[in-house]
Amino acid sequence: MKTKKKNFPVQAIELAAAGVSADTQGLPHPEEFDDLTEAFGIHTWVYACANLIANSFAMIEFLPYVQDKDGSWVVNEKHPFRKVLQHPNPNMSGVEFRRLLSLSSKLTGNAFIICEPKAPSQPQEMWPLMPEKVKVKMDATSFVSGYVYTVNGRTQTLPPERIIHIRESTPNSLQYGQGAMSAVKNAITSDLLADAWNRNFFFNSGRPDAVLESVEPISPDAQKRVLKAWQKMNQGSKNRGKTAVLSGVKYVEINRLHKDMEFVNLRKMLREEVLAAFGVPQSMVQVLDQANYSNMEQQTKIFWTQTMIPEIRKFESIMTLRARQITGDTNTIIQADLSKVEALRTDE
């Protein structure tokens, strides 16, 4: 359905500020989206949090509802989005499709869906697009005039009516969203560096366990003889526990503890930062040192009410808006079926 374009009041200023490239290649991303998604594959707590949210979101079925004559809301079986939300395309199930959307949205703040066919008043398929490959276009009269899809330098411009853009709102940009990863980039970098340092310490600390210290200076040849004799006497599992006899040198053990780095407390603090940014209680990602049945049940409820419900409502509102624009049906809304979520049943 074609709708009359309305000018964005300050669009001309926004376009001029963005530069000419915004009109040809799309607005630049506020940050590198592929860097944000990469953390999902290499950082334990990012993976655990994003995976939990994506799996929880994927289990929710979204349905088109229309108001009946008696005022009740019933599923609109004839709505074009009824089938496509369940079976988005020949290669993806609805669960996989929703999981990918959730991961893109939570990690980068942006998820893009392309509708097929090209005249999508009756969309037959929906496909997710990789957020790092999509840029938003605008012109002097349109808030969004299209989307630029780029792969290996080759671009294709897609009309705005074919794209559904789901974004995490941020005051930093009207065209792009901001994901949870942006808020904890420094914490994740610190945690990865701490993990690398710790791993390298045990693999090869780069320093000896002890030194043989002489009261008087000794020649290089004498140093070698003393070291060789020490290793022959004490090195290896068979020599464990033997009594050392030293002549002219003393054994000085080097403190091997890296307590000055306070790795345990540091990594716990960084973990808590990541969990807070994603809105995931500790017990939901198997951190059970302070867990019991009562608080685990409460944390599950908090996760659904404070983290998942906002995610679900965001998706509902965007899909309802775009479904009305695409199909022309202004009486139908897209809403989640939450009846199977155990943690929310007491609030029904």
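The values are calculated or read from the model by the stated rules, or taken from the named source; none is laboratory data. Being a predicted model, the structure only gives us computed values, none of them experimental. Here the Cβ is made from the backbone with ideal geometry for all residues, glycine too, and neighbour counts use every protein chain on show. Each accessible area value is taken on the protein alone, full model and side chains, heavy atoms only, with ligands, DNA and RNA left out. Shrake-Rupley method; radii C 1.70, N 1.55, O 1.52, S 1.80 Å.
Search the stretch 303-327 for residues that are open to solvent by 50 Å² or more (accessible area, probe 1.4 Å) and part of a helix (DSSP H, G or I) and pair each with any residue that is modelled with pLDDT under 95 and not hydrophobic (A, V, I, L, M, F, W, C) when their beta-carbon atoms are under 6 Å apart and the residues are at least 6 apart or on different chains.
ARG324/THR330
Looking only at the stretch 97-136, count every residue that is more than 17 Å from ARG162 (Cβ to Cβ), aliphatic (A, V, I, L, M) and in contact (Cβ under 8 Å) with a residue 60 or more places away in the chain and tell me the total.
Qualifying residue count for the region: 2.
Which residues, counting only those in the stretch 159-173, are in a loop (DSSP other than H, G, I, E, B) and touching a helix residue (DSSP H, G or I) at 6+ places or on another chain (Cβ under 8 Å)?
GLU168
Do we find a residue being in contact with a Ser or Thr (Cβ under 8 Å, 6 or more places away or on another chain) and either assigned to a loop (DSSP other than H, G, I, E, B) or open to solvent by less than 10 Å² (accessible area, probe 1.4 Å) (or both) anywhere in the stretch 146-155?
yes
Determine which member of the set GLU96, GLU77, GLU116 is more than 30 Å from LYS268 (Cβ to Cβ) and under 22 Å from the mean Cα position of the chain (by Cα).
GLU96
Looking only at residues in the stretch 177-221 that are of a type in the set (Asp, Glu) and either outside any helix (DSSP H, G or I) or open to solvent by less than 40 Å² (accessible area, probe 1.4 Å) (or both), which one is modelled with the highest pLDDT?
So, considering only residues that are of a type in the set (Asp, Glu) and either outside any helix (DSSP H, G or I) or open to solvent by less than 40 Å² (accessible area, probe 1.4 Å) (or both), the one modelled with the highest pLDDT is ASP191.
With the stretch 18-95 as the region, which helices (runs of 4 or more DSSP H) entirely inside it contain at least 2 residues that are at pLDDT 95 or above?
Because the criterion is at least 2 residues that are at pLDDT 95 or above, the helices (runs of 4 or more DSSP H) in the stretch 18-95 that meet it are 44-58.
Taking the stretch 119-145 only, how many residues are open to solvent by less than 50 Å² (accessible area, probe 1.4 Å), assigned to a loop (DSSP other than H, G, I, E, B) and not polar (S, T, N, Q)?
Of the residues in the stretch 119-145, 5 are open to solvent by less than 50 Å² (accessible area, probe 1.4 Å), assigned to a loop (DSSP other than H, G, I, E, B) and not polar (S, T, N, Q).
Scanning for something touching a Lys or Arg at 6+ places or on another chain (Cβ under 8 Å) and of a type in the set (Phe, Trp, Tyr), does the stretch 109-123 turn up at least one residue?
no
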